[in-house]
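Take a look at the structure below.
The values are calculated or read from the model by the stated rules, or taken from the named source; none is laboratory data. In this text, all values refer to a predicted model and were calculated from it rather than measured experimentally. Cβ sites come from the backbone with ideal geometry, for glycine too, and all protein chains shown count toward neighbours.
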Amino acid sequence: MIGVGHLGREHARVLASLEGSKLVSVCDIDETVGRQIADLYGVRFVPDFRELLGEVDAVSIATPTVNHHEITCACLAARVSALVEKPIARTLAEADEMIRLADESGATLQVGHIERFNPAFRALQPHIRQPRFFEVHRMGIFTPRSLDIDVVMDLMVHELDIIATLVTSEVTRLEAVGIPILTPRVDLANARLEFADGCIANITASRVAGERLRKLRVFQLNEYYSLDYAEQQVSMCRLKPSKQGRPEIVAGMLEVVRREPLEAEIEHFLECVRTGTEPVVSGRDGRRALTLAYDVLAKIHEHAARAGIGQPILDFRF
């Protein structure tokens, strides 16, 4: 386990509990924190991830995004499989090198878009055939975490990945606005995506909201679905033809088998490492979401320039 901050600790917990694999080491630049987590699970602590190369089959990487490329590339070059948290990298060029090394080495590269493993999404996905409209809200209460990236890369990127998975058509138009509120970076953003097949997606993401909210609503011909990621629930409403000539409205809930998404994600990663199969969320999927996130950020900065308002800090390079 490389990086045991808030999210990395959860990765370590799951890795230590799953059958069929063995957590052998924890790595973190903060020796006090790293040793604490290593001692908790009775494993070795190392201050430098390079000490692990050649000694492990796989790593889980939950460091700040700025470190993803260096660590992941070193691991893949050594034929060590890697589960790297989202976003995949800082730049598309970095993502491309990570994908290339995975292809050349044969090691597994999976990106941590965890909502793909949410049981509610998995229950919904088979029902989506030709979506026409998405309304998505991902809101979080402000915490002093992940402030090295903005809300687009931190939260909205989840929904960009989900929608790109459900809509097979290409994006033809994108508009976005965003503002810094409590940090110098974008804390609140809204994006509207139009696809070649006519589908439209409206996404709002905030990390300075007064409540936590993670909901996706999708409409297609004669059907409506509302997904709650946190509650792992999907409600549906469907228009059903009637013999009397007047259709009836059928409402209900999809069957969802509840499970911790992180556990499902890591278990899938380990199975891909064992079998050599392509992960559900590949490096190319991570790059696709990163591309859309950059497109959103570009539009945010265009809007800010047109409006004559201050530009939020953008550490990522297009």
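Contact map, region 115-137: first residue more than 24 Å from L221 (Cβ to Cβ), second residue assigned to a helix (DSSP H, G or I), Cβ cut-off under 6 Å, separation 6 or more or different chains; pairs are E115/F121; E115/H158; E115/I162; F117/P261; F117/A264; F117/E265; N118/P261. When only residues in region 53-75 that are in a helix (DSSP H, G or I) and in contact with a strand residue (DSSP E or B) (Cβ under 6 Å, 6 or more places away or on another chain) count, which is nearest to A89 (Cα to Cα)? Among them, the one singled out is H68.
Filtered by the rule that a residue be among the charged types (D, E, K, R) and surrounded by 13 or more Cβ atoms within 10 Å (Cβ to Cβ), region 35-49 gives R35, R44.
Selection within region 10-44: residues that are of a type in the set (D, E) and closer than 19 Å to L83 by Cα. The member of this set that is nearest to the chain's Cα centre (by Cα) is E10.
Applying the condition of being assigned to a helix (DSSP H, G or I) and acidic (D, E) to region 1-34 and asking which residue is surrounded by the most Cβ atoms within 10 Å (Cβ to Cβ) yields E10. Cβ-Cβ contacts under 7 Å between residues 6 or more apart (or on different chains), taken from a first residue in region 168-180 that is in a loop (DSSP other than H, G, I, E, B) to a second residue that is modelled with pLDDT under 95 and aliphatic (A, V, I, L, M), are listed as P180/V186.
Looking only at residues in region 196-236 that are touching a Pro at 6+ places or on another chain (Cβ under 9 Å) and among the hydrophobic types (A, V, I, L, M, F, W, C), the one that is nearest to T143 (Cα to Cα) is A201.
A search for C-beta distances below 8 Å between a residue of region 44-71 that is more than 20 Å from K22 (Cα to Cα) and any residue that is of a type in the set (K, R), counting only pairs 6+ apart in sequence or on different chains, returns T65/R90; V66/R90; H68/R90; H69/R90.
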